[in-house]
Every structure is written in C-alpha cells, then in structure tokens.
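Enquirer: My questions all concern the structure below.
The values are calculated or read from the model by the stated rules, or taken from the named source; none is laboratory data. Given the structure is predicted, the values throughout are model-derived calculations rather than measurements. All Cβ positions, even for glycine, are placed from backbone atoms using ideal geometry, and neighbour counts span all protein chains on display. For accessibility, only protein heavy atoms count, side chains too; no ligands or nucleic acids. Shrake-Rupley method; radii C 1.70, N 1.55, O 1.52, S 1.80 Å.
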Amino acid sequence: MSMKNKWLFNIAMILLSLVTVSFLDWRSIKRFFPAFLFVFLINCIDVPIGKKRRWWFFYNKPHSFFYNEFPFLIGPMLAVALWTLKWTYGNFKKFIMLNALFQLIFTLLAKSLFEKIKLFKLVRLNASQFFLYFFYKAFFLYGFQYVYENKKRLFN
C-alpha cells in the first residue's frame, strides 16, 4: 500500500469509527471513556512488546506507533469498546460474547484483507493468538468499568 493510500486508510478508519461513536449519547461516552483509556494504556505497553518480538509487521515506513497502531486504537478499538459497554454493561456474559464476536471479525479481517492489501502481516502470531492478544483486554475493560462505577457510587 502506498504512503498516500495508507494515510487515507488511517484517516478513513478513524473518521468512520468516530462517526459511529457520534451516535452514542454524551452521557454514555462520558461514562465509559475512562475504561477505554485504561485499556488504551495497556495497549501502549503491549505494542512495543509486540514490535520487539515481531508478532506483526507493518509494510510501510515509518514504523512508528502513531503511524501504524495508533489509528487502530483510536478508531475501531474506541468504537468497539464504547458500543459494547453501552449495549451490554451489566450482563458480563453478553459483553464477553459480543466482544469476542467483534474481535473475531477483526482478527479474520486482519489476517486476510490487511495482508492482501499489504498493510500489515502477522509474523510470529497465528490468527488464534492474535485474537487472544485483543480479547484478553475485554476483561480489563469490563473490570475497570465495574470498579470505576462502584467507587463512584461509593463516594456519591
């Protein structure tokens, strides 16, 4: 994928995700955004580890976090986190199932489409490991939201 196409793809991915988030009411965004920020910080720790261990490889340069992984985190990951919490918070089984479905779709999409368009490829991870790399963060997302709401309720 050319540099110009990569920039257009990143911008389109972020804008499309933000458009879907704009359909959420402000109260939901304010309520669930701290949990997203917590998982975002976990990703900021995970990404350098993944790069160092060559779990994946982005074709285009520069090979920087802000150019490659960051658009995925503030785009689709933000939208998925906020929408799944909005739809399912309070029902953990439903949350895990919906999150697994979203992560499975992304994993299959990443494995096939993104490799074909030469965006990135998995090097030392197979599709199941890549799925688990994203899926384990769902537990942190829900757990943080649960603790955050209980502390908020306790202090009010």
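Yes or no, residue by residue, for (1) under 24 Å from residue 54 (Cα atoms); (2) without any contact (Cβ under 8 Å) to a residue 40 or more places away in the chain; (3) of a type in the set (Phe, Trp, Tyr):
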{"residue": "76", "(1), (2), (3)": "yes, no, no"}
{"residue": "90", "(1), (2), (3)": "no, yes, no"}
{"residue": "101", "(1), (2), (3)": "no, yes, no"}
{"residue": "121", "(1), (2), (3)": "yes, no, no"}
{"residue": "138", "(1), (2), (3)": "yes, no, no"}
{"residue": "145", "(1), (2), (3)": "no, no, no"}
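For (1) in contact with a helix residue (DSSP H, G or I) (Cβ under 7 Å, 6 or more places away or on another chain); (2) open to solvent by 80 Å² or more (accessible area, probe 1.4 Å), each residue gets a yes or a no:
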site: 92; (1), (2): yes, yes
site: 101; (1), (2): no, yes
site: 114; (1), (2): no, no
site: 117; (1), (2): no, no
site: 140; (1), (2): yes, yes
site: 147; (1), (2): no, no
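Enquirer: A further question on this structure: Can you find a residue that is within 25 Å of residue 124 (Cα to Cα), open to solvent by less than 20 Å² (accessible area, probe 1.4 Å), among the hydrophobic types (A, V, I, L, M, F, W, C) and in contact with a strand residue (DSSP E or B) (Cβ under 6 Å, 6 or more places away or on another chain) anywhere in the range 57-75?
Expert: yes
Enquirer: Could you tell me whether any residue of the range 31-54 is open to solvent by less than 70 Å² (accessible area, probe 1.4 Å), farther than 22 Å from residue 130 by Cα, among the hydrophobic types (A, V, I, L, M, F, W, C) and in a loop (DSSP other than H, G, I, E, B)?
Expert: Looking through the range 31-54, none of the residues is open to solvent by less than 70 Å² (accessible area, probe 1.4 Å), farther than 22 Å from residue 130 by Cα, among the hydrophobic types (A, V, I, L, M, F, W, C) and in a loop (DSSP other than H, G, I, E, B).
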